[in-house]
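Computed from the coordinates by the stated procedures, all read-outs in this text should not be read as laboratory data. This is a predicted model, so every value here is computed, not measured. Here the Cβ positions follow ideal geometry from the backbone for every residue, glycine too, while neighbour counts run over all protein chains shown.
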Amino acid sequence: MGGFIIHTYQVNVLTREAIKLIGFSIIDSLNNVIETKIGGILREELQKRALEIQGRIGSGMYLIQIYPHDGHWTPDVPYQHVIAYEVESFNEVPNDMITYTLSAGRFIKIVHEGPESQIGITYEFINNTYGGRHIDIEFWNDIHTLENVDNQIDIYIPSK
């Protein structure tokens, strides 16, 4: 007998202050990022170099995905990916790293529960419920537990 799994999501609306980030940025398509595993490579490299980042706040890491503003996005369209740590200031930025400021505002927070490799199911829910947007923000508490069944990834999307 075939059945289907019903997913439920914790969803909250909240206001966030601006967040300063230091890390790496690439422009590439989702399909290419998955194929080359560059996201995981950059995550590992950033963690190895964490001590170079002055004024780091916590050990969690952000993934910011900034889509084309024309709204024509598919998994083959290149867009900006920022993998970074939150910092107190941009006083000292390590060589070859970038700064990015996530604007303050109202966000919807959706919690993905389960392995990161299954996050597409959560994004399907987000796309079906909230439609298109120009930015997605993921927060990973611990990059070494991303494939655990009890893993949680906080996803923030702009709220109107």
*Would you calculate, for the chain, the mean residue ellipticity at 222 nm contributed by helices, counting each DSSP H stretch of 4 or more residues as -39,500 (n - 2.57) and dividing by all residues, to the nearest 500?*
-5500 deg cm²/dmol
*Distance between Cα centroids, segment 104-145 to segment 38-94: provide it in whole Å.*
15
_Could you list LYS20, LYS48 so that the one with the fewest beta carbons within 10 Å of its beta carbon is first and the one with the most is last?_
LYS48, LYS20
*In degrees, nearest ten, helix 119-130 long axis to first principal axis of the chain (Cα)*: 80
*Ordering of 92-98, 28-34 by burial proxy (mean other Cβ atoms within 10 Å per residue, highest first)*: 28-34, 92-98
*Work out, step by step, the length gained on full extension between GLU88 and ALA18: first 0.36 nm times the residue separation, then minus their alpha carbon distance; give nm to one decimal.*
24.1 nm
_At a threshold of 8 angstrom on Cα-Cα distance, excluding pairs fewer than six apart, so keeping six or more, what relative contact order does the chain reach in percent?_
33
*Against the longest principal axis of the chain, how steep is helix 38-48, in degrees 0 to 90 to the nearest 10, with axes from Cα atoms?*
40
*Take GLU124, project a point 7 Å from its Cα along the Cβ direction, then tell me which residues of segment 37-76 have their backbone nitrogen under 20 Å from it.*
73-76
_Footprinting exposure proxy for ASP154, ASP76 (fewest neighbouring C-beta atoms within 10 Å first)_ = ASP76, ASP154
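Where the only charges are on Cβ atoms (+1 Lys, Arg; -1 Asp, Glu), what is the dipole of the chain about its Cα centre, to the nearest 20 debye?
Dipole of the chain, to the nearest 20 debye: 440 debye.
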